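Engineer: Encoded as C-alpha cells, here's the structure I'll be asking about.
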Amino acid sequence: MKSICFFILLFSLNASAQVKLKFVQLNAWQVQFAGIDFTKDRLKRLLLLPDELANTQADIITMQEVWSNSAKMYVADEMEKRGYAYHHYTRRTFGGGNGLLVMSRFPILSVEQSAPFTPRTNTLDHFMSKRAFHLVVIIPMLGPIDVYAAHMGPVSFSEVEDAYNPKEEGRLQQQLQQLGDFIKFTRSTPFTFLGADLNSNYLAYQGNQEFKPEYSPNYLTLVNSACQEGMMESSFLTANHMTEKDPIVPTYSKKNPYVSGGMFTPIPSEVEDYILNCPNPRIHAVESKLIFTKVLLSDHYGLQTSYEIESSL
C-alpha cells in the first residue's frame, strides 16, 4: 500500500512535467559479406562506435547498414555495458539482410517488422532485404511511444544526364508509400518517431548539383501518408526554424572524405538521414544537429535530436 501511494504521489508531482528525450540516427556503413570488407576502415570505425554513440547520451539510437551478425552483436553488447540495456536486430540468415539495429535506455515492450520493401530500386538493392522495425518503448513519466527505424533502397545518379534515375525514383516512391502505410496502420500511441535513411533528399532536384526550394514527390509521399493527424515533421527543420526555402544541411556530403571516390560519388551532397515525428502539440523538437562530423564513423554524418514532450501522467 505504501509503494502504491508513493507512485501516486510521484506522478502527481510530475503531472505537468516536460519529459526530455534524445534520439540519434546513423547509417553506420558497416558493409561486410563473407568476411570481406567492402567499406574503408570498417573495423576501425566499428571499434569506435560504442564510445562515440554512448557519448551522445541519446536515449534511443536507430542505425542502418550494420550488416553482419558479428557487428550487430558487438555493438549491442558493448552498448549494453554503457547503459543501453535494450536492443533489437534480426540475424542475417541469407543475402544482405536488413542491417537495422535499434538501441534504447528504456524497456522495449514489443517489436514487429514490415515486409521487405518492393520493388527493389536497382540491382544493388536486390541483394538486401530492407524493411522497417516498429518498437513500442516505455519512457519513464511518459508511458509508451512508437519508434520506427527504416532503410530505403538507393537511387543511382547520372553525371552525364545530371539526373537521378527516374525509374529507380519511382520504385523508391513505392517503397516510401509502403513505409508510410506501415507506420499509419501499426502505430499505437500519440508519440510516434522515425529514425531512417530514406536515400532521398527532401527537396526536389533542379540540376547542377542543386535542389529546388520545394519538397520532392518522394518525401511528400512518406510524410503525407504516415500520420492521421497531418504531415509528418522533420525534427531538424522544426528545431532549426527552417523551411523548404532554406539551403539544405546534408548528412551525405562530399566534404566527408569517405564519400569522395566511393561508388556513390556522383550523387549530389544531400540529406538522406532523418528523425521525424507525427505532429502532436505536446512534442517539441528543441535541438537538432549533425554529429560525427569530426570523428568520422561512416560515409554519413549522424543526426541528433532533442525533444521536450509534455507528459500528462
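Engineer: Give, rounded to the nearest 20 debye, the magnitude of the charge dipole that the chain has about its Cα centre when Lys and Arg contribute +1 at Cβ and Asp and Glu contribute -1 at Cβ.
Structural biologist: Magnitude of the dipole: close to 820 debye.
Engineer: Any idea what the relative contact order of the chain is, in percent, if you count C-alpha pairs under 8 Å spaced at least 6 apart?
Structural biologist: That works out to 20 percent.
Engineer: I'd like to know how the stretch 20-171 sits against the 2.2 N^0.38 Å rule of thumb: what's its Cα Rg over that expected value?
Structural biologist: Normalised Cα radius of gyration, the stretch 20-171: 1.11.
Engineer: Give me the compactness ratio for the chain, meaning the Cα radius of gyration over 2.2 N^0.38 Å.
Structural biologist: Taking the Cα Rg and dividing by 2.2 N^0.38 Å, one obtains 0.98.
Engineer: Can you compute the charge dipole magnitude of the stretch 188-313 about its Cα centre, using +1 on each Lys and Arg Cβ and -1 on each Asp and Glu Cβ, nothing else charged? Give it in debye, rounded to the nearest 20.
Structural biologist: Magnitude of the dipole: close to 280 debye.
Engineer: Per DSSP helix of 4 or more residues, -39500 (n - 2.57); summed, then divided by the residues of the chain. What does that give at 222 nm, rounded to the nearest 500?
Structural biologist: Per the formula, -7500 deg cm²/dmol.
Engineer: Against the 2.2 N^0.38 Å scaling, with N counting residues, where does the stretch 138-263 land? I'd like the Cα-based Rg ratio to two decimal places.
Structural biologist: So the Cα radius of gyration is 1.17 times the expected 2.2 N^0.38 Å.
Engineer: HN-Hα J couplings of the stretch 49-58 from phi, Karplus 6.51/-1.76/1.60, θ = phi - 60°, integer Hz, Gly and Pro as x?
Structural biologist: 4, x, 5, 5, 5, 5, 5, 6, 6, 5
Engineer: Now, a different point. Once you place label points 7 Å from the Cα toward the Cβ at Q57 and K22, how far apart are they in nm?
Structural biologist: Label-label distance for Q57 and K22, simple model: 0.5 nm.
Engineer: Sticking with this one: With θ set to phi - 60° and the Karplus curve 6.51 cos²θ - 1.76 cosθ + 1.60, what are the ³J(HN,Hα) couplings of the stretch 191-208 in order, to the nearest whole Hz, using x for Gly and Pro?
Structural biologist: The phi angles translate into 10, 10, 10, 10, x, 8, 9, 8, 6, 7, 6, 7, 9, 6, 7, 10, x, 6 Hz.
Engineer: So how do 51-57, 147-153, 135-141, 77-83 stack up, highest first, on mean other-Cβ count within 10 Å?
Structural biologist: By packing density, highest mean first, the sequence is 147-153, 135-141, 51-57, 77-83.
Engineer: Can you work out the Karplus-derived ³J(HN,Hα) for every residue in the stretch 213-218? Use 6.51 cos²θ - 1.76 cosθ + 1.60 with θ = phi - 60°, whole Hz, and x for glycine or proline.
Structural biologist: Whole-Hz 3J(HN,Hα) from phi for the stretch 213-218: x, 8, 5, 7, x, 5.
Engineer: Sequence-distant or interchain residues sharing an amide H contact under 5 Å with E214, placed H: which?
Structural biologist: Amide H to amide H, under 5 Å and 5 or more residues apart or across chains, E214 pairs with A204.
Engineer: If you don't mind, there's one more thing I want to ask. How would you order 189-198, 286-295 from highest to lowest mean count of nearby Cβ atoms within 10 Å?
Structural biologist: So the peptides 189-198, 286-295, ranked by packing, come out 189-198, 286-295.
The numbers here are math on the coordinates, done by the rules we state, and not lab data. These figures come from a predicted structure and were not determined experimentally. Heads up, the Cβs are rebuilt from the backbone with ideal geometry, glycines too, and the neighbour counts pull from every protein chain shown.
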